[in-house]
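The values are calculated or read from the model by the stated rules, or taken from the named source; none is laboratory data. Only a predicted model underlies this, so the values are computations on that prediction, with no experimental measurement involved. Positions of Cβ are backbone-derived with ideal geometry, glycine not excepted, and every protein chain shown enters the neighbour counts.
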Amino acid sequence: MTKREKSYRHRAIAGSVVAVLTLAAAGSALAAKDAVLAIGGQPETLDPYNTNTTLTTAVTKSFYQGLYEFDKDLKIQPVLAESFTVSKDGLVYTFKLRAGVKFHDGTDFNAEAVKVTLDRVTNLDNKLARINQFNRIDKVEVESPLSVRITLKEPFAPFLNSLAHASAAMISPAALKKYGNKDIAFNPVGTGPFTFVEWKQTDYVKGKKFDGYWKKGYPKVDTITWKPVLENSTRAAMLQTGEADFAFPLPYEQADALKKNSNLNLVASPSIVTRYISFNMLQKPFDNLKVRQAINYAINKEALVKVAFNGYAFPAEGVVPQGVKYAHKMAPWPYDPKKSRELLKEAGYANGFESVLWGAYTTTTTQKTLQFVQQQLAQVGIKITVLALEPGQRTDWVQAAPDAKTAKVRMYYAGWSASTGEADWALRPLLATEAWPPKLNNTAYYSNEKVDADIAKALTSVDEAEKTKLYRDAQEQIMKDAPWAPLVTEQLLYATAKRLKGVYAMPDASIYSEEIEIK
């Protein structure tokens, strides 16, 4: 029983008091339909087109929907589109749209809304973060109120995956006109189950039930509140005190204690989240292949799983995790410190070297991982200083570094999920030459013409066998070049109050809340 419910638990001692208590009980029942979700970070915007953060788009899904979506198992499902056809050359997609759908401001959802939304993201002047996901769109044309035609500049095999991503949300044209390209970030107006109430940036994002929602019977709660709680242990504590109905991610070291709480459901689910260390290949000593190989041999991934992840992970099986389409499974780098020392000697670093390892997060798990890697590398003579970056530091020092030659990043611990469900978004943003910061996230400054060519050709191919081979070849070449030390693929640990149903951590570490319900 939560504190809210306990506050109404009084004994009736007179008829008049009974009447008051009846009203109070009714208020408690209404309050029971308020869902609070504690999450591990702060949304930086409520514009789904201007973020590359999975957590942010998880929040925006409360307000927005796209033509398609990924369900909790990353299968593509129709939402605002009922069906589509595609031309034989793979260039022209025609979508039949769902009738009778309204935006929160009363505007009709129709083909014109699709055109306005997509024209906005493809307009380079708007400088939206998701432009690379949609830059193959040549034009969007209204055929009829419920039919829209999208023509691509070249075949783009994962186009439907891009439209199913949470960033591909349909925005009210009237709202865009009212708020403009920038202020829409603070005033989301979509067709989703909840209308926007308030965003206090460090405290919460709140939505209330959209009475005009096109899915009958939904949503099944009155309000939804997303609470950023940066400290892992605090999220766990909020579940146990009833201050939150859902918490993700949870600290792995608290799993055993949370399992024992009879009021909670603890879930460890599969993920497509890979954790890795990238090496800045433009800088010494990481321009030397043998150094990069030596670091891979120096890290015991099995031990890392136990020390930092409490067993809720397994050694990375290549650069693209299993569960992502076209992932090529490869054996993890073996732990061999003797081989590591031999390679360092051959590379001219018999006495090791000194460097810096930055972590992209400040979580307990990140701190443990950084310290573990520091200890492992010290055993082969590599002395590193570790630092977990705050969000502002991560942006300024790594993601927004304007010049590759002067970028200060050296070794960088981070993670990635291919949230479109296929290998393109697992490879291109992280390992293609075009993805060097500040454009995308190739923090290794890795460049291989063959890999670039394989990724580009796979994007336009409609032949499954050819695509499979191209992506396999790219992944094998990347492993040979070793721009990374792939570490682990983690499991996702989250918990819900037993009264909460229909909320899940998705394999890409997003959150599925469309069927949220409080029993």
_Against the definition (part of a helix (DSSP H, G or I) and in contact with a Phe, Trp or Tyr (Cβ under 8 Å, 6 or more places away or on another chain)), how does Ala465 come out, yes or no?_
no
**Request:** Would you confirm whether any residue within region 477-493 is over 30 Å from Val307 (Cα atoms), touching an Asp or Glu at 6+ places or on another chain (Cβ under 6 Å) and surrounded by fewer than 23 Cβ atoms within 10 Å (Cβ to Cβ)?
**Result:** no
Here the residues within region 329-365 that are under 25 Å from the mean Cα position of the chain (by Cα), of a type in the set (Ser, Thr, Tyr) and over 17 Å from Ala303 (Cβ atoms) are Tyr361, Thr362, Thr363, Thr364
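Conditions tested, residue by residue: (1) modelled with pLDDT of 95 or more; (2) small (Gly, Ala, Ser).
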site: Val291; (1), (2): yes, no
site: Ala294; (1), (2): yes, yes
site: Ala298; (1), (2): yes, yes
site: Leu304; (1), (2): yes, no
site: Ala316; (1), (2): yes, yes
site: Ser340; (1), (2): yes, yes
site: Gly348; (1), (2): yes, yes
site: Thr366; (1), (2): no, no
site: Gln374; (1), (2): yes, no
Counted residues in region 19-62 being surrounded by 12 or more Cβ atoms within 10 Å (Cβ to Cβ), among the β-branched types (Val, Ile, Thr) and modelled with pLDDT under 85 come to 1
Among (1) among the acidic types (Asp, Glu); (2) assigned to a loop (DSSP other than H, G, I, E, B); (3) surrounded by 17 or more Cβ atoms within 10 Å (Cβ to Cβ), Glu69 falls short only on (2)
Exactly one of Lys208, Lys227, Lys216, Lys290 is farther than 30 Å from Val101 by Cβ and either without any contact (Cβ under 8 Å) to a residue 24 or more places away in the chain or in contact with a Phe, Trp or Tyr (Cβ under 9 Å, 6 or more places away or on another chain) (or both), and that residue is Lys290
All-but-one check, Asn126 against (1) within 22 Å of Glu44 (Cβ to Cβ); (2) surrounded by fewer than 18 Cβ atoms within 10 Å (Cβ to Cβ); (3) in contact (Cβ under 8 Å) with a residue 60 or more places away in the chain, failing number (3)
What about Lys178, is it outside the structural domain of Glu464 (by TED's automatic domain parsing) and either surrounded by 15 or more Cβ atoms within 10 Å (Cβ to Cβ) or part of a helix (DSSP H, G or I) (or both)? yes
Given (1) in a strand (DSSP E or B); (2) surrounded by fewer than 18 Cβ atoms within 10 Å (Cβ to Cβ), Val205 misses just (2)
